[in-house]
Amino acid sequence: MSLENPTANNTITQRPRRLRRTETLRRMVRETNLTVDDLIYPMFVMEGEEDKVEIASMPGCYRFTLDLLLKEIAEVYSLGIGAIGLFPVIPESKKDDRGSESHNPDGLVQRTVKAIKQAVPGILVITDVALDPFTTHGHDGIVDESGVILNDSTVEVLVKMALSQAEAGSDMIAPSDMMDGRIGAIRQALDKAGYIDTRILAYSAKYASAYYGPFRDALDSAPKFGDKKTYQMDAANAREAIKEVALDIAEGADIIMVKPALAYLDIIRKVKYYTNTPVAAYNVSGEYAMIKAAALNGWIDEKKVILETLLSMKRAGADLILTYFAKEVALMLHK
Ligand code: PBG
């Protein structure tokens, strides 16, 4: 468009408002759309029967026992949601300092994946790979005596975890741990074991963020000492996100992710321009909690704010959005 002043000759030739006059016109020239196909629903599973517990800092989100989770998944699938992300609540008694329960073939995640694939075969199950729900210290990796998170020995455990999930029938493995080289190691191990079609959704640009607080409440997985800044990214860095994304794609990621989403829309944008690989954004627990809190106070129009927020992620370049709003949005889009 010309930078010259269009009104210089006193004639307005361009009137952008013409195309905003009716809803039909607005729909015709709409550049971005949010659909149920874009949504992935993160869900929490816990041990037990016939029980669900609402997460205090995430109103409307629950930890479900497997039986109730299956019913909920059948419902969300019928609403058109094609994929769920699965996160386990591991009892303290099953945690250790190496997260061994993460690769127990009869562990909660493994049993849950099998049950979902039987009960609702069409839904795509995405399983999280990281040690934090399984470790007594709450870190995503193995910790040495001095408190350092060890990279390569952690990757060995993550590989076992990914293999046991693939074995259980997981459709997509999603490493959220931020260890170096884990995508390549997992891809090679999956291929070697014959799981050539098990996909990898890489949490590539995952920032050390305060927006994960409510999620850590949901899983009782907050780190018992220190923080995650030696493995998750520094919030100030954008170029480094491209470096991480490039590595994950070279190592075999099928989809790459930016997380969190809202405070990192510029990163989603940059990453989208950099790659032809599909880009996912994680609308994380703290982003969910802020909208819910304001809505519960009657301070915002919840439905409109949810749609506008998710649309901003699409506009920034996200092809897929992991969001705790998925079910609510599916219901809204159906109307
Ligand atoms: C852990 C993991 C986290 C989330 C997803 N996987 C938390 C963390 O890194 O501490 C956060 C999701 C959310 O806040 O919604 N590997």
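The values are calculated or read from the model by the stated rules, or taken from the named source; none is laboratory data. Computed from a predicted model, the values in this text were never measured in an experiment. Here Cβ is always computed from backbone atoms with ideal geometry, including for glycine, and neighbour counts include all displayed protein chains. Heads up: the accessible areas ignore ligands, DNA and RNA and are worked out on the full protein's heavy atoms, side chains in. Shrake-Rupley method; radii C 1.70, N 1.55, O 1.52, S 1.80 Å.
Could you tell me how many degrees, from 0 to 90 and to the nearest 10, lie between the Cα long axis of helix 66-78 and the main elongation axis, the longest principal axis, of the Cα atoms of the chain?
With both axes taken from Cα atoms, the answer is about 30 degrees.
Which chymotrypsin sites (Phe, Trp or Tyr not before Pro) does the range 165-235 hold that lie in a coil by DSSP with at most 10 other beta carbons within 10 Å?
Answer by residue number: Phe225.
How much length, in nm to one decimal, is gained on full extension between Glu167 and Arg18, taken as 0.36 nm per residue of separation minus their Cα-Cα distance?
Values: separation 149, 0.36 × 149 = 53.64 nm, distance 5.70 nm.
Stretched out fully, the Glu167 to Arg18 stretch lengthens by 47.9 nm.
Taking the solvent-accessible surface of protein heavy atoms with a 1.4 Å probe, what is the per residue accessible area of the chain in Å²?
Averaged over the residues of the chain, the accessible area is 48 Å².
Tell me which GluC sites (Glu not before Pro) from the range 5-107 have a DSSP coil assignment and no more than 12 other beta carbons within 10 Å of their own. Before the final figure, lay out the partial values.
Working: sites: Glu23, Glu31, Glu47, Glu49, Glu50, Glu54, Glu72, Glu75, Glu92, Glu101; in loops: Glu31, Glu47, Glu49, Glu50.
The qualifying sites are Glu31, Glu49, Glu50.
On the full set of protein chains, 1.4 Å probe, figure out the accessible area of His103 and give it in Å² to the nearest 10.
Accessible area of His103: about 50 Å².
Put a dot 7 Å past each Cα toward the Cβ at Asp106 and Ala208; how far apart are the dots in nm?
About 4.0 nm, to one decimal.
Enumerate by residue number the GluC sites (Glu not before Pro) in the range 118-227 meeting two conditions: DSSP loop (anything except H, G, I, E, B), and at most 12 other Cβ atoms within 10 Å of the site's Cβ.
Passing sites in the range 118-227 are Glu145.
Under a Cβ-only charge scheme (Lys and Arg +1, Asp and Glu -1), can you give me the dipole magnitude of the chain about the Cα centre, in debye to the nearest 20?
Roughly 1900 debye for the chain.
Against the longest alpha carbon principal axis of the chain, how many degrees, from 0 to 90 and to the nearest 10, is the axis of helix 285-296 turned?
Taking Cα atoms only, the helix is inclined about 60 degrees.
So if I restrict to the alpha-carbon atoms in the chain, what is the Rg, and what is Dmax, the biggest pairwise distance, in Å?
Here Rg and the maximum Cα pair distance are 21.2, 78 Å.
What do you get for the angle between helix 151-168 and the principal long axis of the chain? Use alpha-carbon atoms, 0 to 90 degrees, nearest ten.
Orientation of helix 151-168: about 90 degrees from the principal axis.
Taking a virtual spin label 7 Å from the Cα of Ala74 along the C-beta vector, which residues in the range 122-137 bring their backbone nitrogen under 15 Å of it?
From the range 122-137, the list is 122-123.
Quick check: residue separation of Ala246 and Tyr274 times 0.36 nm, minus the Cα distance between them. What number comes out in nm?
9.2 nm
Taking all pairs of different Cα atoms in the range 58-172, averaging 1/r and flipping that mean, what Kirkwood radius in angstroms comes out?
Computed over Cα pairs of the range 58-172, the Kirkwood hydrodynamic radius comes out at 15.0 Å.
Which pairs break 30 Å Cα to Cα here: Lys272/Lys327; Lys229/Lys304; Lys224/Lys272; Lys192/Lys224; Lys114/Lys229; Lys94/Lys272? Write out the running numbers ahead of the final one.
Values: Lys272/Lys327 26 Å; Lys229/Lys304 34 Å; Lys224/Lys272 35 Å; Lys192/Lys224 36 Å; Lys114/Lys229 34 Å; Lys94/Lys272 40 Å.
Result: Lys229/Lys304; Lys224/Lys272; Lys192/Lys224; Lys114/Lys229; Lys94/Lys272 exceed 30 Å.
Starting from the 7 Å offset along Cα-to-Cβ, what nm value, one decimal, do you get for the label separation of Glu47 and Glu328?
Rounded to a tenth, the inter-label distance reads 3.2 nm.
Given Ala261, Ser204, Gly181, which one lies farthest toward the positive end of the charge dipole of the range 165-270, if we put +1 on the Cβ of every Lys and Arg and -1 on the Cβ of every Asp and Glu?
Value computed over the given set: Ala261.
Restricting to the range 32-334, what percent of DSSP beta bridges are antiparallel, rounded to 5?
15
Could you sort Leu68, Leu296 by their accessible area in this structure, using a 1.4 Å probe and putting the largest first?
Leu296, Leu68
For the chain, what does the helix formula give at 222 nm: sum of -39500 (n - 2.57) over DSSP H segments with n ≥ 4, over the residue count, nearest 500 deg cm²/dmol?
Per the formula, -11500 deg cm²/dmol.
Run the numbers for Thr32 and Gln118: contour at 0.36 nm per residue of separation, minus the present Cα-Cα distance, in nm. Present the calculation step by step, with values, prior to reporting the outcome.
Values: separation 86, 0.36 × 86 = 30.96 nm, distance 3.56 nm.
This chain segment gains 27.4 nm when fully extended.
Please compute the modelled spin-label separation between Glu54 and Lys304, points set 7 Å along Cα→Cβ, answer in nm with one decimal.
The modelled label-to-label distance comes out at 2.5 nm.
What Kirkwood hydrodynamic radius, in Å, does the range 184-318 give when the mean of 1/r is taken over all pairs of distinct Cα atoms and then inverted?
Working: mean 1/r = 0.0614 Å⁻¹.
It is 16.3 Å.
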